Each structure stands twice: as C-alpha cells, then as structure tokens.
Amino acid sequence: MVLFLLLGLLVLIAFPLWLWALIDCATKESDQGNTKIVWVLIILFANLPGALAYLLVRRPQRLTEAPGN
C-alpha cells in the first residue's frame, strides 16, 4: 500500500516536470542546428532523467546565451 502511494506521489511530481521541460524545450530552444530536436528526443525517450538533464544543464546555459543578457 505504501509503495503505491510513493509511486503515485512520484508520478504526480515527475509528469508535470517532464511536461514542463518538453514544452520549454520545444517552444524556446533555438531552431539553429540540431539542438532543439536532440533535446526533445532526449526528454521524450529518457523521461525523468532526460527532463532533469535539460532543466539542470541546458536551460541555464540557454538563458545565459540569450541576447538580452
């Protein structure tokens, strides 16, 4: 019973995080080169680890590369 509750809690946290990373990458990543498609594929196929990798590695890098900064 506790295992199902923990698994449900993990899904409730992981799915929105995964969806946020996927939407952020698909809408804000540069179309230049293959960066966008590679990150979308990583997020899609690696699920939570891919989303975490994008949010922790690429997103901060992209924000510092923005022309307004």
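Considered as a group, the residues in segment 1-22 that are open to solvent by less than 90 Å² (accessible area, probe 1.4 Å) and hydrophobic (A, V, I, L, M, F, W, C) include one that is farthest from residue 46 (Cα to Cα), and that residue is 11. Against the list (1) in contact (Cβ under 8 Å) with a residue 12 or more places away in the chain; (2) in a helix (DSSP H, G or I), the condition residue 3 fails is (1). Looking only at segment 23-44, filter to residues that are outside any helix (DSSP H, G or I) and without any contact (Cβ under 8 Å) to a residue 12 or more places away in the chain; which one of those is least open to solvent (accessible area, probe 1.4 Å)? For segment 23-44, the residue satisfying everything is 33.
Within segment 48-69, restricting attention to residues that are in a helix (DSSP H, G or I) and either among the aliphatic types (A, V, I, L, M) or in contact with a Gly (Cβ under 7 Å, 6 or more places away or on another chain) (or both), the residue that is farthest from residue 36 (Cα to Cα) is 48. A search for C-beta distances below 9 Å between a residue of segment 51-69 that is farther than 13 Å from residue 20 by Cα and open to solvent by 90 Å² or more (accessible area, probe 1.4 Å) and any residue that is at pLDDT below 85 and not in a helix (DSSP H, G or I), counting only pairs 6+ apart in sequence or on different chains, returns 65/30.
The residue list 41, 55, 48, 10 contains one member that is modelled with pLDDT of 95 or more and in contact with a helix residue (DSSP H, G or I) (Cβ under 9 Å, 6 or more places away or on another chain), which is 41.
The values are calculated or read from the model by the stated rules, or taken from the named source; none is laboratory data. All figures in this text were calculated on a predicted structure; none of them were measured in a lab. Positions of Cβ are backbone-derived with ideal geometry, glycine not excepted, and every protein chain shown enters the neighbour counts. Note: accessible area is taken over every heavy atom of the protein model, side chains too, but ligands, DNA and RNA are not part of it. Shrake-Rupley method; radii C 1.70, N 1.55, O 1.52, S 1.80 Å.
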